[in-house]
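Student: One structure, pasted below without further comment.
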C-alpha cells in the first residue's frame with residue numbers, strides 16, 4: 001500500500017485554477033464518492049480550501065491512481081488537463097506523510113502559523129469518516145496530522161502574535177485596555193487598512209463606534225457598516241474626549257491633530273488612556289503626541305515593526321516545528337512498517353513459540369517424574385497444535401491482498417502483538 | 001519546632017522567589033503553576049508558625065523586628081493570593097515574591113528571642129492596631145510591586161520596544177485598577193491604624209499625639225496616600241503618575257516601618 005497525495009496550493013496554482021478545481025458544498029460529497037468508485041479502493045479523503053485542493057489516498061499502484069485522479073478532475077470540473085496538470089504536486093509515502101503533517105501544522109500555509117487549516121483538516125477527516133471513505137491507514141494518518149499540529153501549537157510559539165498590521169493594532173489595544181467591549185472607537189478618515197483594523201476591533205468587542213470623514217456622506221456610509229454613528233469632521237477633536245481608541249487615515253498632507261489639542265483633551269478626559277493609530281502616509285498626527293502621558297501613538301511604521309518582529313519570531317519557531325514534524329513522520333513510517341505481512345507473521349510465530357515454551361516449563365515443574373521421551377512427545381504435540389492454530393491467520397495475510405492492512409491490524413489486536421501502540 | 005516551621009516557610013518563599021524570577025526570562029508566555037504552589041505551601045507553614053508562636057508567647061507575635069518583618073511578609077502573601085485569585089496575573093509573582101523574600105530575610109537576620117511584654121503593650125489594642133497597620137502596609141507593598149510592573153510596561157509601550165517580556169505582562173488598565181483598589185483598601189486601614197494608635201497612646205501614655213517620629217512618619221505616609229487618592233479622583237493622576245507615587249509611598253512605609261526604629265529615637269519601638 002502506498003500513501004499518495006495529489007494536490008495543488010497557493011504556491012503552485014493561481015487563484016483562477018484553484019477556484020475551478022475547488023470542491024465546495026455538494027461537490028465535496030459527490031467528488032469524494034466518485035473518486036472512491038473510480039479508484040476502486042477504500043481509503044480516500046478530500047481537502048478543499050481557498051488555498052488548496054488535495055486528495056489523500058492509499059493505493060496499490062501510484063501510476064494508475066494518479067492517471068485516474070487527473071482524468072476525474074478534468075471530467076468532474078470540466079477543465080482541460082493542460083490547464084491544471086502542471087500545477088499539481090504528487091507526494092508518496094514518507095513525503096506524503098510529511099506533507100500532510102506540515103499542512104496541518106500550518107507550515108505550508110500562506111501565512112505560516114495561521115490556525116484555520118487545522119480546523120479544515122479536521123473537517124476533511126470528519127467528513128471522510130461520516131462517508132466511510134477512510135480506512136486504517138488514512139485514519140491513523142489524519143489522527144497523526146492533528147496530534148502533530150497540536151503538538152506544534154503547544155511546543156512552539158508559531159501561532160503567537162499578530163502578523164498583520166490590523167491585527168497588531170488590536171493586540172496593542174489589548175495591552176493598554178483590559179476589556180475592549182467597554183471602549184469607544186473612532187475611525188478618522190477612511191483608508192482600507194484603517195477600516196480593516198476597525199473591523200478587527202469590532203469583532204473583538206468594541207461596540208461604540210464613531211466615524212468622522214471629510215465627506216460627510218461617505219462617513220455616514222461607513223458608520224452604517226460599523227453600526228456606529230457618523231460625526232462631522234470638524235467635531236472630531238471634541239469627540240475625542242469620549243474616545244479611547246482612534247484610528248486615523250485621512251488623505252491630509254498636514255497634521256490634523258496637534259500636541260496642544262491632545263493635551264487639552266487629556267485634561268478633559270481626566271487622563272484616561274488613549275490609543276491612537278495613525279495609518280496615514282504622510283502622517284496625520286503629530287508624533288510628539290506620543291510623549292504625552294497616557295497617550296499611546298503608533299504610526300504605520302511602528303506597527304510594521306511589530307509585525308516584522310512577530311514574523312521573524314514565527315520563522316524561528318517554524319524551524320522547531322519542522323523538527324517536530326520530522327520526528328512524527330519517523331514514528332508514522334515505523335508504524336507503517338508494522339503493517340507489513342512478514343514482520344507480523346514472524347511476530348505471530350514468535351508469540352506462539354513463547355507460549356509453547358512457557359507451558360512446557362510449567363509442565364515439567366508440575367510433573368517432575370516425566371521422563372525425557374514423554375516430554376519430547378508432549379513437545380511434539382504442542383508444536384503441532386500451535387502450527388495448526390497459526391496457520392489460518394498466516395495464510396490469510398499472505399493470500400489476501402485487498403484488505404491486507406485491516407487483517408494485519410485485526411490479527412495484531414487479537415493476538416496482542418502490538419509493541420508500539422503507545423500513543424493515541 | 002517554631003524555628004523549623006519558620007525556616008521551612010522561608011525555604012518555600014525562597015524557592016518561589018527564584019522560580020518567579022526565572023519566569024521573567026522564560027520563553028513560554030504562560031506562567032508556571034509552581035510559583036503559586038510553593039508560595040502557598042510557604043504561606044500555610046508560615047501561618048502555622050505564627051499561630052504556634054502566638055500560643056507560645058501568649059500574644060500576637062509582632063514585637064521585635066523578627067516578628068514584625070515576618071508578619072509583614074505574611075500579610076503581603078495574603079494580598080498576593082487575593083489578587084491572584086481575582087486577576088490571575090501569573091507574572092505578578094515575579095514582582096511580589098522578592099519583597100516577601102527580603103522581609104523574611106530581614107526577619108531571619110534579627111534575633112528571635114522573646115522579650116517580656118512591657119505593661120503598656122498589654123492591651124486589647126495590640127492585635128487591633130498592629131493588624132490594621134500591617135495589612136495596610138502589605139497593601140501598599142503590593143501596590144509598589146504592581147507600580148513597578150506598570151512603569152516597565154508603560155515604558156515598553158511608549159518606546160515601542162515590544163519584546164517577549166512585554167507579551168507576558170498584563171495590560172496597563174488592569175494594573176492601574178489594581179493600584180487604585182489596593183490604595184482604597186489600604187488607606188482606610190492605615191487611617192484606622194493611626195486612630196487606634198492614638199486611642200491606645202492615650203490609655204497607655206496619657207496623650208493622643210506626642211509627635212513621636214513613628215507618629216510623624218506614619219502621618220507623612222498617610223498624607224502621601226491621601227494625595228495619591230485625591231489627585232486621581234480630581235485631576236486624574238492615574239497610570240504612570242499613580243505608579244511612581246505608590247513607589248514613593250512605599251518607601252515612606254519602609255522608613256516608617258524600619259527606618260524610624262533603627263535610625264531615630266522613638267518610644268514606639270518594641
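Student: Of everything in the stretch A:380-417 that's outside any helix (DSSP H, G or I) and surrounded by 13 or more Cβ atoms within 10 Å (Cβ to Cβ), which residue is modelled with the highest pLDDT? Don't jump to the end; show me each part of the working.
Tutor: In the first step, residues of the stretch A:380-417 are kept if they are outside any helix (DSSP H, G or I); the result is A:400-403, A:416-417.
Keeping just the survivors that are surrounded by 13 or more Cβ atoms within 10 Å (Cβ to Cβ) gives A:400, A:403, A:417.
On the way: A:400: 69, A:403: 72, A:417: 78.
Once the filter is applied, the top-ranked residue is A:417.
Student: From the list B:126, B:157, B:132, which residue is part of a helix (DSSP H, G or I) and touching a strand residue (DSSP E or B) at 6+ places or on another chain (Cβ under 7 Å)?
Tutor: Numbers: B:126 fails: touching a strand residue (DSSP E or B) at 6+ places or on another chain (Cβ under 7 Å); B:132 fails: touching a strand residue (DSSP E or B) at 6+ places or on another chain (Cβ under 7 Å).
Only one candidate passes the filter, namely B:157.
Student: Could you check the stretch B:225-239 and list, in sequence order, the residues that are assigned to a helix (DSSP H, G or I) and either touching a strand residue (DSSP E or B) at 6+ places or on another chain (Cβ under 9 Å) or surrounded by 19 or more Cβ atoms within 10 Å (Cβ to Cβ) (or both)? Please lay out each step first, then the result.
Tutor: Taking the stretch B:225-239 first, the residues assigned to a helix (DSSP H, G or I) are B:225-235, B:239.
Hits for the stretch B:225-239 are B:225, B:228, B:232, B:239.
Student: Sort through A:334, A:315, A:351 and tell me the only one that's within 29 Å of residue A:174 (Cβ to Cβ), assigned to a helix (DSSP H, G or I), away from chain B (no Cβ under 14 Å) and modelled with pLDDT under 90.
Tutor: A:315
Student: Moving on to the next point. I'd like to verify a number: residues in the stretch A:136-155 that are at the interface with chain B (Cβ under 10 Å from one of its Cβ atoms) and in contact (Cβ under 8 Å) with a residue 12 or more places away in the chain, how many?
Tutor: First pass over the stretch A:136-155, keeping only residues at the interface with chain B (Cβ under 10 Å from one of its Cβ atoms): A:154-155.
Then keep just the ones that are in contact (Cβ under 8 Å) with a residue 12 or more places away in the chain; that gives A:155.
Residues meeting the conditions: 1.
Student: If you don't mind, there's one more thing I want to ask. Find the residue count for the stretch A:263-305, including only residues that are in contact (Cβ under 8 Å) with a residue 12 or more places away in the chain, touching a strand residue (DSSP E or B) at 6+ places or on another chain (Cβ under 8 Å) and closer than 30 Å to residue A:163 by Cβ.
Tutor: Summing the residues that are in contact (Cβ under 8 Å) with a residue 12 or more places away in the chain, touching a strand residue (DSSP E or B) at 6+ places or on another chain (Cβ under 8 Å) and closer than 30 Å to residue A:163 by Cβ in the stretch A:263-305 gives 22.
Student: Quick check, is residue A:12 touching a strand residue (DSSP E or B) at 6+ places or on another chain (Cβ under 9 Å) and surrounded by fewer than 16 Cβ atoms within 10 Å (Cβ to Cβ)? Explain how you work it out, then say what you get.
Tutor: Details: touching a strand residue (DSSP E or B) at 6+ places or on another chain (Cβ under 9 Å): yes; surrounded by fewer than 16 Cβ atoms within 10 Å (Cβ to Cβ): yes.
It is true that residue A:12 is touching a strand residue (DSSP E or B) at 6+ places or on another chain (Cβ under 9 Å) and surrounded by fewer than 16 Cβ atoms within 10 Å (Cβ to Cβ).
Student: Give the residue, chosen from B:45, B:18, that is away from chain A (no Cβ under 14 Å) and under 30 Å from residue A:157 (Cα atoms). Walk me through it before giving the result.
Tutor: Numbers: B:45 fails: under 30 Å from residue A:157 (Cα atoms).
Criteria check complete, one pass: B:18.
Student: Going residue by residue through the stretch A:200-217, is there one that turns out to be crowded, with 19+ Cβ neighbours inside 10 Å, farther than 28 Å from residue B:168 by Cα and out of contact with any helix residue (DSSP H, G or I) (no Cβ under 9 Å at 6 or more places or on another chain)?
Tutor: Within the stretch A:200-217 (the criterion being crowded, with 19+ Cβ neighbours inside 10 Å, farther than 28 Å from residue B:168 by Cα and out of contact with any helix residue (DSSP H, G or I) (no Cβ under 9 Å at 6 or more places or on another chain)), the answer is no, since none of the residues qualifies.
Student: Might you check whether a residue that is surrounded by 16 or more Cβ atoms within 10 Å (Cβ to Cβ), outside the structural domain of residue B:257 (by TED's automatic domain parsing) and assigned to a loop (DSSP other than H, G, I, E, B) occurs anywhere in the stretch B:87-103?
Tutor: yes
The values are calculated or read from the model by the stated rules, or taken from the named source; none is laboratory data. Please read these numbers as outputs of a predicted model, since none were measured by experiment. Neighbour counts run over all protein chains shown; Cβ positions are idealised from the backbone, glycine included.
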